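Structure first, commentary second.
Read-outs: derived from the displayed coordinates by stated rules, not from any lab. These figures come from a predicted structure and were not determined experimentally. Neighbour counts run over all protein chains shown; Cβ positions are idealised from the backbone, glycine included.
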């Protein structure tokens, strides 16, 4: 019980500080994902077009994903110095794989007959992309952004090591303080909460972007009514 | 309208899909490409709108070489319907139908009106416009697929087994509907199928392909009557050839080659004797060379018994006759329509060669009912 009341006291006394870090933390993650989307979605579309590039690009993104977060930050710090920008760049790198991979999968999985249909109707390549491929793969691309955002919210906590702030700061304080469990939780709970909320919101977005709303792919399932 | 000149398609690796195709079609023709799978029929069709580009030869539409046109512009002038229907699931029916119009930059208002107009062609109500493809049955979806190809009033429409994935009843209904539509709108259709029944039902011209080669090109009747080789015969199927027999046999094959005749210079009394011995009520009159001149019947003899002496006096020259290579089907229609008792059969020089009577019709009916069994017994 002590723990909960300690936690509440911390929130009451440091409300604005926690909120500030929460916001900062979220912005770092969001920027990381945003920049990754700006780069990753076009790259995904590109490798969906040129299948030979896909294995190279995807394995590169895979390699990035396997580097431990702490090591990545340390290396980037050597090059870019301390601060928020370095963290945002690291988050950008981690977001690339899910975004590129989902864009690639989404575009590749668009029914080939639909693309041929569009082509045969006289759509230009650009029109096929804009009017057929992207609308039909949007929900899969969104799923990539969702994964990326959840990953970056987690990784952003260690940004504190290179002085970027965020909720990781509060957790670090807790580990340094004597008897700091409540403080650790004061940092960890908002982080987890943020990840869950982001996941739920993005999930909702993903569903609302589904090309076919009802889960019934109705070819030949209904009886002919007016033969 | 549509012309193929020495068209060939070779794929990388040397596989020849189509080789040296020469074809020409008129406007408003319903052309069916047919053949076993891998015969190059779809490839040939796709070359028309440059989804596949020919390696050699030229294709002309209305005298224009398609390779010199912008492919995007070319495709907007050609309708396209595929077996998988290919409606865009994220667009409403209206958006689907009027997509080409959108590409052609028609204003929204006009697009909607056109979509409604088109829906009424297939007896669907305007409330379908706001629905999505997955809410429609397979048959309705393909109707929309066809309308989409008609939207910009394209004079030429390509169809790749459009009714192949539908159940037989829906398919039949759609074939009838579409054939009517095609006649009404006077479109040139290139239709690919492997279903001979469908081809015979819809086509004005059938093009039979095998291994990328043209085997035969002709009207359904020509192909049924004179299959080019064993492959075509087999492809049409024995059963269909037998069924098609009354439609394709000529009168020469069923006529009675020994009609009762008389020459025009004979006496009437002789004519009556001939009638009596042969137990007929009329005689075909011919001259010395055997050229048909007319007929006399017992009524005419009875009425003119006193005045007339020779056959020539009462000869009725107004005789309906058919050529020996006329189709039985057409002849039967004439017999039934004109209420004739018989039809004399003549050759090119009007020489009488035989006669088709109502008894001959009985033979045909008998054949079509029991003919199959006899054929089986014979095998």
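At a glance:
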| quantity | calculated |
| --- | --- |
| Equivalent ellipsoid semi-axes - Cα gyration tensor, the protein assembly as shown, angstrom | 83, 24, 19 |
| Structure-based [θ]222 nm, the protein assembly as shown - -39500 (n - 2.57) summed over DSSP H runs of at least 4, per residue, nearest 500 | -17000 deg cm²/dmol |
| Mean-position separation - Cα centroids, the stretch A:6-41 and the stretch B:262-290, in angstrom | 116 |
| Beta bridge orientation in chain B: antiparallel %, DSSP, nearest 5 | 60 |
| Prolate/oblate/rounded label for the stretch B:1-109 (Cα gyration tensor, a/c 1.5) | prolate |
| Helix axis angle, B:328-338 relative to chain B longest principal axis, alpha carbon, degrees | 70 |
| Residues B:147, A:129, B:156, sorted so that the one with the fewest Cβ neighbours within 10 Å comes first | A:129, B:156, B:147 |
| Among B:301, B:208, B:189, residue whose mean-square fluctuation peaks in a GNM of chain B (springs only between Cα atoms under 10 Å) | B:301 |
| Distance between the stretch B:1-77 and the stretch B:295-353 - C-alpha centres, whole angstrom | 52 |
| Residue order, fewest to most surrounding Cβ atoms within 10 angstrom, among B:192, A:87, A:79, A:43 | A:79, A:43, B:192, A:87 |
| Degrees separating the helix A:2-13 axis from the principal Cα axis of chain A, which is the longest one | 80 |
| With Cα atoms, 0 to 90° folded angle of helix A:134-155 axis to chain A main axis | 10 |
| Distribution of pairwise C-alpha distances over the stretch B:155-281, 10 Å bins, in % | 10, 30, 24, 11, 10, 12, 5, 0 |
| Rough spin-label spacing in nm, given labels placed 7 Å along Cα→Cβ, for residue A:2 and residue A:85 | 4.7 |
| The stretch B:111-186, relative contact order in percent, only Cα pairs under 8 angstrom and at least six apart counted | 30 |
| Ranked B:210, B:329, criterion: other C-beta atoms within 10 Å, fewest first | B:329, B:210 |
| Sequence-separation-based contact order of chain B, relative, with Cα cut under 8 Å and 6+ spacing, percent | 15 |
| Among A:205, A:96, A:73: highest mean-square fluctuation, GNM of chain A, C-alpha pairs under 10 Å | A:205 |
| For chain A, alpha-carbon Rg and Dmax in angstrom | 22.1, 80 |
| For the stretch B:174-221: span of alpha carbons on each principal axis (Å, largest first) | 34, 19, 18 |
| Rg in Å to one decimal, and Dmax rounded to a whole Å, for the stretch A:1-71 via C-alpha atoms | 20.3, 60 |
| GNM result for chain B, Cα springs below 10 Å: residue of B:43, B:277, B:331 fluctuating most strongly | B:277 |
| Span per principal axis, largest first, for the Cα atoms of the stretch A:78-143 (Å) | 55, 20, 14 |
| Relative contact order (%) - criterion: Cα under 8 Å, at least six apart; region: the stretch B:12-94 | 19 |
| Of all DSSP beta bridges in the protein assembly as shown, antiparallel share, percent nearest 5 | 60 |
| Convex hull volume per residue in cubic angstrom - Cα atoms of chain B | 202 |
| Euclidean distance of C-alpha centroids, the stretch A:80-156 and the stretch B:195-226, integer Å | 49 |
